[in-house]
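Report on the structure given below.
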Amino acid sequence: MSIISGDIGVFCPSYKRSAVRSSTQKMFPFATLVVSESEKRKYEISGNRVIACPDKVQGNASRVRNWILNENQRLRGVVILDDDYKYIGRWQKQRRRTLSSKEVEEFLEYGFVMAEQFGVYFWGINVVDDKGAYRENMPFCLIRPVLGPFQSFRSNPIRYDENLPLKEDYDISLQHLMKYRKILRFNAYHYLVLQNEQAGGCAYYRNIQTEKEQFDLLRKKWGSDVIKIDRGESKASIRKAVKGYDINPIIKPFVCGV
């Protein structure tokens with residue numbers, strides 16, 4: 001396991017991608033892949049640095065993420081990243097700047113200091129890399145979801161819902177809002193990941209039917225006033241010419257704020 005300065009651990013759950021070197025680990029050498037015991041050797045042969053979780057943990061994204069949190073409670077901070085990053089960037093003077101590995105390390109340190117000062121236990125970065133989604137006069141959000149590709153935790157008792165392995169990120173954001181009344185999102189920073197462009201990972205068991213089932217479970221848990229269907233009416237959807245059913249929900253937070 002690789003720990004960056006300040007006892008912050010960075011982990012990337014990975015599943016059935018042992019044939020390739022993780023793009024996240026290429027960019028951020030301080031990240032460690034979390035793989036099943038039976039896949040560990042294959043990942044290592046491909047040049048990845050890994051730690052192994054029991055085989056019975058794999059196959060459910062929420063369960064793997066909970067294992068990471070439970071195994072690292074002694075750390076000051078735990079960061080969970082996707083294993084297929086293209087970059088982490090930030091908007092600066094109307095231009096996107098891609099962060100170096102060292103700059104990402106420094107940002108993680110900064111992020112946990114800010115989280116402590118804000119009194120939050122869960123923080124992340126903007127979920128959209130489109131400049132139109134970044135408003136310079138709103139550097140932080142305190143009630144907006146922080147999604148799965150970049151999620152950071154100070155030690156706390158909240159865990160992912162293992163019944164929602166495809167909507168676990170929305171759910172844990174709402175759990176933190178419910179318990180602590182705020183989370184922290186840095187709006188100038190954003191990520192780009194490959195997600196379903198390659199085999200393995202959640203793509204192994206994700207399809208439109210399971211996505212709809214998971215959406216319905218999430219809405220049943222939090223209510224239709226909080227979990228809304230995106231019918232392509234949002235500005236981001238119009239900009240991308242997305243129409244019809246969107247598997248990603250729109251979250252209407254039950255806490256006032258930005």
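The values are calculated or read from the model by the stated rules, or taken from the named source; none is laboratory data. Remember, predicted model here, so these are calculated numbers, not experimental data. Cβ placement follows ideal geometry from the backbone for every residue including glycine, while neighbour counts extend to all protein chains displayed.
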### Query
How many of the residues making up segment 95-128 are among the β-branched types (V, I, T) and either assigned to a strand (DSSP E or B) or not assigned by TED's automatic domain parsing to the domain that holds P139 (or both)?
2
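Which one is farthest from G132 (Cα to Cα), of the residues in segment 179-196 that are touching a residue at least 40 places away in the same chain (Cβ under 8 Å) and in a helix (DSSP H, G or I)?
Restricting to residues being touching a residue at least 40 places away in the same chain (Cβ under 8 Å) and in a helix (DSSP H, G or I), the top hit is Y180.
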## Note on the structure
Picking from K93, K131, the residue that is at positive phi and at pLDDT below 95 would be K93
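Does R90 satisfy the condition of being touching a residue at least 12 places away in the same chain (Cβ under 8 Å) and closer than 27 Å to L177 by Cα? Break it down into steps so the answer makes sense when it comes.
Values: touching a residue at least 12 places away in the same chain (Cβ under 8 Å): yes; closer than 27 Å to L177 by Cα: yes.
Taking the combined requirement at face value, the residue satisfies it.
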### Residue that is among the charged types (D, E, K, R), at pLDDT 95 or above, closer than 21 Å to D171 by Cα and in a helix (DSSP H, G or I), where the choices are R65, R41
R65
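Anything in segment 108-142 that is in contact with a helix residue (DSSP H, G or I) (Cβ under 7 Å, 6 or more places away or on another chain), crowded, with 20+ Cβ neighbours inside 10 Å and β-branched (V, I, T)? List them, or say none. Walk me through it before giving the result.
Restricting attention to segment 108-142, the residues satisfying the condition of being in contact with a helix residue (DSSP H, G or I) (Cβ under 7 Å, 6 or more places away or on another chain) are 120-123, 126, 128, 130, 132-133.
Checking the rest, the ones that are also crowded, with 20+ Cβ neighbours inside 10 Å come to 120-123, 126.
The one that is in contact with a helix residue (DSSP H, G or I) (Cβ under 7 Å, 6 or more places away or on another chain), crowded, with 20+ Cβ neighbours inside 10 Å and β-branched (V, I, T): V120.
How about segment 148-174: which of its residues are among the polar types (S, T, N, Q) and under 15 Å from the mean Cα position of the chain (by Cα)?
Q151, S152, S173
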### Message
Quick check on my filter: what residues within segment 13-55 are in contact with a Leu (Cβ under 8 Å, 6 or more places away or on another chain), over 18 Å from V104 (Cβ atoms) and surrounded by fewer than 18 Cβ atoms within 10 Å (Cβ to Cβ)?
### Response
I51
### Query
Among the residues of segment 56-67, is any out of contact with any Pro (no Cβ under 9 Å at 6 or more places or on another chain), charged (D, E, K, R), within 15 Å of C12 (Cα to Cα) and in contact (Cβ under 8 Å) with a residue 40 or more places away in the chain?
no
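Go over the candidates V10, V34 one by one and state the one that is within 18 Å of Q195 (Cα to Cα), aliphatic (A, V, I, L, M), touching a helix residue (DSSP H, G or I) at 6+ places or on another chain (Cβ under 9 Å) and part of a strand (DSSP E or B).
Working: V10 fails: within 18 Å of Q195 (Cα to Cα).
When all the criteria are applied, what remains is V34.
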